[in-house]
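**Student:** Before anything else, here's the structure in question.
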Amino acid sequence: MFSLSGISKRFGAVTALAEVSLTITTGRVHGLLGENGAGKSTLMNILFGLLQPDAGSITSGGTALRLRSPAEALRHGLGMVHQHFALVPTLSVVDNVVLALQSSLGRVDRAAWSARLRQRADALRWDIDPAALVGSLATGQQQRVEILKALLAIDQAGSAQRTLILDEPTAVLTPPEVDELLPSVRALAADGVAVVYISHKLAEIARVCDEVSVLRRGRMVHHGPASETQERLAELMVGSPVSHPARPACPAPLTAAVRIAARDIAIRIDGRTVLQDVTLEVRAGEIVGIAGVEGNGQVPLVQALLGLLPPTSGTLTAPSPIAVIPDDRQREALVMPLSVAQNLALRRYRGSPFSHHGWLSPAAWSTHARALMSASDVRAPSPGAAMATLSGGNQQKAVVARELDGDPPVIIAVNPTRGLDVGAASAVLERLVAARDRGAAVLLIHSDLDELLAVSDRVLVLHRGSLADSGWPTCDRAAIGRLMLGGLPLGPRAADPPDVDGLQSPSIPGATS
């Protein structure tokens with residue numbers, strides 16, 4: 001059992017934590033909730049030895065600890081799985097484990113390491129091939145490798161107690177992968193592991209946690225059973241009731257201008273068909289949602305619309321430039337070493353007021369950044385702070401603020417609420433609705449079906465590279481689930497569409513009628 005008492009931490013003028021106390025108990029799953037930037041990751045980074053507190057204490061079994069590094073934390077049975085994986089994709093699973101855990105030089109006994117890896121995986125009923133290249137694994141499998149790596153590190157430390165911190169463990173997982181992970185978390189607790197589960201997803205907290213603590217702006221505002229209602233927890237996180245964007249669907253009239261048009265698009269990559277016969281229209285003044293399990297052609301579709309991947313056949317018309325909220329903010333939207341102000345000006349820095357006759361205007365960049373940060377609640381010490389110092393949620397809010405600035409006529413948003421707390425997610429969806437109401441054409445590709453249905457005027461389903469009209473809003477959620485599995489939304493069961501080479505179709509829990 002670990003107890004944190006009166007933990008405080010400041011970064012310059014920003015108070016990240018103020019006298020926070022928390023007790024972590026063996027054999028229980030402890031949910032840690034809070035808005036983006038509330039201090040959740042900072043608190044756990046202090047416990048894991050990555051950061052040092054300005055004040056407060058950490059004890060274990062009544063003994064005071066000073067955890068100056070992750071190595072010291074591991075010696076006390078503490079492991080942590082971070083939101084962004086620390087894996088080498090070109091190495092095998094076992095080699096990634098060896099790279100992280102074998103401290104001595106000399107021969108690597110892969111057989112012994114593989115046996116330990118399989119033993120740990122078997123205990124969780126996970127099928128992991130130690131020889132598989134990490135880059136060939138699905139995201140959910142990579143998540144399992146990270147968890148196994150942390151558990152093996154704890155085992156290697158030989159501590160009598162075991163504590164595992166999971167920081168946003170489902171942020172990049174598909175719904176089926178989430179459904180596979182949560183029972184494994186419960187199994188870890190049943191095996192005597194204390195689990196700290198950091199998440200924004202209230203439904204997951206209710207499914208997997210025994211108790212929950214809520215941080216708001218660096219202060220602990222609640223601790224209690226995880227049976228609290230989601231509405232109450234959301235209100236505790238943000239400090240006020242949270243509204244959920246919902247409105248009657250209102251497809252754009254057929255006379256509205258077509259902003260994005262694809263006709264019979266097909267794309268083949270390395271001999272594999274990844275898109276086939278895709279036809280799509282997005283008109284001014286509507287949100288067209290695309291549902292589907294990730295990995296069914298979403299990436300090549302977006303790349304084609306942006307002109308990054310030419311179609312093998314078919315015709316495509318899309319304006320340029322397009323405002324894009326990409327799926328991977330760190331690799332596709334942000335330059336992490338640059339400042340917040342520089343990142344927020346990336347779309348417009350060539351024009352006035354950001355530059356004059358080729359000369360950049362840092363003052364204009366800073367003024368612009370402060371306005372966007374205030375309007376979109378991007379929390380950072382200053383516009384000059386490096387983007388890498390912000391929490392993942394604040395990085396996402398910065399991307400959304402930049403891309404929606406200036407009322408763009410066409411918006412492509414891919415999982416725009418990923419990593420955001422319930423209040424921030426609601427605000428992003430409301431901004432997309434507002435853009436639609438101003439006449440923008442919005443293409444929303446989202447793995448969260450509930451959020452997608454809340455704001456979309458029409459919903460298409462992408463399955464194995466084929467796009468089908470769900471009939472939304474005249475159909476129900478279950479019908480869209482059937483389409484995601486390759487069936488028909490209404491009427492008798494028909495044959496599935498032709499297979500697309502190399503694409504998998506995982507099952508969707510709850511998608512039956």
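**Student:** Given +1 on the Cβ of Lys and Arg, -1 on the Cβ of Asp and Glu, and no further charges, what dipole in debye does the stretch 335-407 carry about its Cα centre, rounded to the nearest 20?
**Tutor:** Rounded to the nearest 20 debye, it is 100 debye.
**Student:** Let me have the relative contact order for the chain, percent, based on Cα pairs under 8 Å that are six or more residues apart.
**Tutor:** 16
**Student:** Okay, moving on. Near the amide H of Val20, under 5 Å away, which other amide H atoms are found, from residues 5 or more places off or on another chain, if H is placed in the peptide plane?
**Tutor:** Gly6, Ile7, Ser8
**Student:** Where does the charge balance sit around Thr389 when Lys and Arg score +1, Asp and Glu -1, over other residues with C-beta under 14 Å from its C-beta?
**Tutor:** +3
**Student:** Ala371 to Ala203: FRET efficiency via 1/(1 + (r/R0)^6), r the Cβ-Cβ distance, R0 41 Å, to the nearest 0.05?
**Tutor:** Efficiency computed from Cβ-Cβ geometry: 0.75.
**Student:** Okay, next question. Karplus couplings for the stretch 265-275 from phi (6.51 cos²θ - 1.76 cosθ + 1.60, θ = phi - 60°), rounded to Hz, Gly and Pro as x?
**Tutor:** 6, 10, 9, 10, 10, 6, x, 9, 7, 9, 9
**Student:** Related question: Would you mind ranking Tyr349, Tyr197 by Cβ crowding within 10 Å, fewest neighbours first?
**Tutor:** In increasing order of surrounding Cβ atoms, one gets Tyr349, Tyr197.
**Student:** Using packing as a proxy for protection, rank 151-160, 269-278 so that the peptide with the highest average count of other Cβ atoms within 10 Å comes first.
**Tutor:** Packing order, densest peptide first, comes out as 269-278, 151-160.
**Student:** Of [x] 160; [y] 172; [z] 139, which one was derived for volume of the Cα convex hull per residue in Å³ from the structure shown?
**Tutor:** Matching the structure shown: [y].
**Student:** Moving on to the next point. Determine the shape class of the stretch 26-135: with a ≥ b ≥ c the square roots of the Cα gyration tensor eigenvalues, call it rounded for a/c under 1.5, and otherwise prolate if a/b is greater than b/c, oblate otherwise.
**Tutor:** Prolate, since a/c reaches 1.5 and a/b exceeds b/c.
**Student:** Taking 0.36 nm per intervening residue step and subtracting the Cα-Cα distance, what contour gain separates Asp277 from Asp191 on full extension?
**Tutor:** Extending this stretch completely gives an extra 26.0 nm.
**Student:** May I pose another question? Each label point is 7 Å from the Cα along the Cα-to-Cβ direction; what then is the distance between the points at Ser136 and Arg110, in nm?
**Tutor:** Simple spin-label model gives 1.2 nm for this pair.
**Student:** Given the peptides 178-191, 331-344, arrange them by the average over their residues of other C-beta atoms within 10 Å, most packed first.
**Tutor:** The peptides rank, most packed first, as 331-344, 178-191.
**Student:** In addition: Could you list the square roots of 5 times each eigenvalue of the Cα gyration tensor of the stretch 335-407, that is, the equivalent ellipsoid semi-axes, sorted largest first and rounded to whole Å?
**Tutor:** 20, 13, 10
**Student:** How large is the dipole of the stretch 2-238 about the Cα centre if only Lys and Arg carry +1 and Asp and Glu carry -1, each at its Cβ, rounded to the nearest 20 debye?
**Tutor:** Magnitude of the dipole: close to 600 debye.
**Student:** If you take every residue apart from Glu19 with its C-beta less than 11 Å away from the C-beta of Glu19, what net charge results, scoring Lys and Arg +1 and Asp and Glu -1?
**Tutor:** So the surrounding residues net to +1.
**Student:** Return the FRET efficiency for the residue pair Arg10, Arg232: r is the Cβ-Cβ distance, R0 is 30 Å, and the value is rounded to the nearest 0.05.
**Tutor:** According to the calculation, E is roughly 0.50.
**Student:** How large is the dipole of the chain about the Cα centre if only Lys and Arg carry +1 and Asp and Glu carry -1, each at its Cβ, rounded to the nearest 20 debye?
**Tutor:** 1100
**Student:** Among Thr170, Thr389, what is the fewest-to-most ranking by other Cβ atoms within 10 Å?
**Tutor:** The most exposed by this proxy come first: Thr389, Thr170.
**Student:** Continuing with the same structure: When Arg283, Arg75 are ordered from fewest to most other Cβ atoms inside 10 Å of their Cβ, what list results?
**Tutor:** The most exposed by this proxy come first: Arg75, Arg283.
Quick note: the coordinates plus some simple rules give every number you see, no bench work behind them. Predicted model only: the values in this text are computed from it and were never measured. In this analysis, Cβ positions are derived from the backbone assuming ideal geometry, glycine residues included, and neighbour counts consider all displayed protein chains.
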